[in-house]
Every structure is written in structure tokens, then in C-alpha cells.
Amino acid sequence: DIDALTNLKLELETASNEKAAELKLATDVEALIKLAQETPKAGEVQSEVDKLKNIQAARAAYDALPKTTKKLVNNLKTLTAMERIASKPLKVMQTIDAVDPESTSFASRAKSAVKAYDNLTTTLKNYISPAQKAKIEDFKTYLDYVAKIKALKASSPLFADQLAEIVKLQTKLISPSNWEISKHAEEATFANKLVEAIKREQPKVDAFQQ
């Protein structure tokens, strides 16, 4: 029957088009995975920070695929291998981003972030963004300032010099522009929070000056 043959033809064409579209989606995801895997060509620069973004983009694209289409992606193992390598710096990045200078747990969280970063290998540290590295340096500066205050002893023969050093450092740190993070426009307000953290410690220093 002609109608039955026509309908069958249409069904086959539809199925073929759907299969082609499905294969196209899988191919696009494979291309994203290959992009994340690529090493820069001569004259090009692709940092580990860019690489991590590409890995995350590839994962997001893969996860958005229908279940049946996911089976057509042939280089998923490559993606998961890259994710295993990037998992450590990614956790450190999350630890850094979780530090809030306005929180009462600022010092302990900052210390944890510094420790986590310092424990990364040189290669893995390259995954950390410049702004996050700046935060780590600022956390170290803050923790050093706090440690100096805690170490102050009025009975020490070095007390006057140590106090003078703290006051000098304090004067420097109450200016937002003297924090490393201030060099990164997208995180500029973070420097203001660091200044407020310093001011919260200031009464302890003032007490030694009375």
C-alpha cells in the first residue's frame, strides 16, 4: 500500500535525522574534550587556568546530553582522567573562595587555605588563578600580622622594636591598595574586607601602646 510505504519512508527519514542530530551532539562534546586536552601550539598561550575552564565546559556539555547520546561519546575516559588531575587544585580553589574576611572564622579558614595551596605541587599550583594566588599571599600577610601581635610580650627586651614593626605594618595594611588582591579589579572589594579584618585587631595593638 502506497500510504504505508510513504509513512514508513517518513519514519525512517525522521529516525535518520534524529540519529544524525544525536551524533552531532556527541561529536561536539568530543571536540570540547579534545580542546581541553590540547597543548598550546607554537606562539599560543593556554594556561592551566584556561585548561580547567575547558575541562569544566566539557563536563557540563557531557552531563547535559541525553542518556542515549552519552554512549556515543568515545573519549569520556580522557575527560575523567583530566578531571582526576584537576580535582586537587579545584578543591583548593573552592577552599580559597570559601574564606570570608568578615567571618569570625576568617583566621582559621585562611590558614587552611594557605596550607592546602602550599601542599600542591608546582604544576598543580598553575591551575590556581592569579586572583586566588593573590588572596593566598594576602592571607599569609594577615596571618603573619596576627602572629606578631600574639607574640608580643611587654617584658621582652625586643618589645619596643616588635611593637614598632607591628604598628608600621598595620599602617600599611589599612590601605586597600597595599593588598595583592587590589591588583585584580574583579576582586577589588575583597581588599576592603581585609582592611576591616586588620581594624578588628587594632585594639589589641593599641592596648600595648597605652
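The values are calculated or read from the model by the stated rules, or taken from the named source; none is laboratory data. Since this is a predicted model, take the numbers as computed values, not measurements. Note that we place each Cβ from the backbone using ideal geometry, even for glycine, and neighbour counts take in every protein chain shown. Accessible surface areas use protein heavy atoms only, side chains included; no ligands, DNA or RNA. Shrake-Rupley method; radii C 1.70, N 1.55, O 1.52, S 1.80 Å.
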Convex hull (Cα only) mean projected area of segment 120-210, reported in nm² to one decimal: 6.9 nm²
Dipole in debye (nearest 20) - the chain, about Cα centre, beta carbon charges: Lys, Arg +1; Asp, Glu -1: 1020 debye
Cross-link partners of LYS168 among aspartates and glutamates (Cα-Cα below 19 Å; sequence separation of 8 or more within a chain): GLU137, ASP138, ASP144, GLU180, GLU196, GLU201, ASP206
Residues of type lysines that LYS115 reaches as a straight line, Cα spacing below 22 Å, ignoring anything fewer than 8 places off in the same chain: LYS88, LYS91, LYS125, LYS133, LYS135, LYS140, LYS148, LYS150, LYS193
Percent accessible area from carbon and sulfur atoms, segment 74-119, protein chains only, probe 1.4 Å: 51 percent
Cα→Cβ-extended label distance, 7 Å offset, between ALA151 and LYS71, nm: 6.4 nm
Largest-first principal axis extents, alpha carbons of segment 164-210, Å: 40, 17, 9
Cα-based Kirkwood hydrodynamic radius, the chain, one decimal, Å: 21.4 Å
Residues of the chain: accessible area per residue with a 1.4 Å probe, Å²: 62 Å²
About the Cα centre, charge dipole magnitude for segment 81-126 (Lys/Arg +1, Asp/Glu -1 at Cβ), debye: 240 debye
Cα lying deepest toward the dipole's positive end in segment 64-210, options TYR145, ASN178, ALA131, charges on Cβ: ALA131
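Taking every pair of distinct Cα atoms and averaging 1/r, then inverting, what Kirkwood hydrodynamic radius in Å comes out for segment 56-111?
Kirkwood radius, segment 56-111: 13.8 Å.
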